[in-house]
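Everything below concerns the one structure shown next.
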Amino acid sequence: MVQIPNRGHRQLRKGRQSIPGAYYSVTLATDNRNPFLTTPGTSDIIFQCFDWLETDERLQWICVMVMPDHIHAIFQLGTQQTLSRLIQSLKRYTARQINAHLARNGSVWQENYYEHGIRRDESLNRLVRYCYENPVRKGLVEQPKDYPYWRCKFEMER
């Protein structure tokens, strides 16, 4: 039986564009919002995947924030890449690695994801700052600099 996505999922895909070389902010959530992404070693799998995707010229990442049940990533899409193929590859690889690392089976990621095309430098800076401050807003740390599951290619000031 084919499962038809609910209205919310359809809305996420509506108007989605994939523009090679464009900047994107993407949020991926774990299946059922299970909070296992910050268990020891799991965030390393995600960071290594972003490094591999960059080495393979599929993206250039700017920042990656791993929260317990979701990730935020800001990157420039590679010129020979579509956003959907990139996300599919990232999810598939990290799911296999995370399941093996945690000795578990089953879905790691929610089927859909949220993306936002970044059109201006001000928006890019605002989104990087949003990612950086997310652990403080969620009550995980008092200062963003104290959160260990964050990578950014730019120096952040508080």
Complete set of residues in the stretch 66-109 that are touching a residue at least 24 places away in the same chain (Cβ under 8 Å), polar (S, T, N, Q) and surrounded by fewer than 13 Cβ atoms within 10 Å (Cβ to Cβ)
Thr79, Gln80
Which one of the conditions (1) crowded, with 19+ Cβ neighbours inside 10 Å; (2) of a type outside the set (Lys, Arg); (3) modelled with pLDDT of 95 or more does Asp44 fail to meet, given that it meets all the rest?
(1)
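For the stretch 110-129, state whether one or more residues are part of a helix (DSSP H, G or I), in contact with a Ser or Thr (Cβ under 8 Å, 6 or more places away or on another chain) and touching a residue at least 60 places away in the same chain (Cβ under 8 Å).
yes
Does Cys152 count as under 20 Å from Ser43 (Cβ atoms) and surrounded by fewer than 16 Cβ atoms within 10 Å (Cβ to Cβ)?
For Cys152, the condition - under 20 Å from Ser43 (Cβ atoms) and surrounded by fewer than 16 Cβ atoms within 10 Å (Cβ to Cβ) - is met.
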Filter the stretch 121-146 down to the residues that are small (Gly, Ala, Ser) and loosely packed, with under 14 Cβ neighbours inside 10 Å and list them by number.
Gly139
Conditions: (1) within 23 Å of Pro148 (Cα to Cα); (2) in contact with a strand residue (DSSP E or B) (Cβ under 6 Å, 6 or more places away or on another chain); (3) of a type in the set (A, V, I, L, M, F, W, C); (4) crowded, with 19+ Cβ neighbours inside 10 Å. Ile118 meets all but one. Number of the miss?
(1)
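The values are calculated or read from the model by the stated rules, or taken from the named source; none is laboratory data. Keep in mind that this is a model prediction, so the values were computed, not measured. Cβ atoms come from the backbone with ideal geometry, glycine included; neighbour counts cover every protein chain shown.
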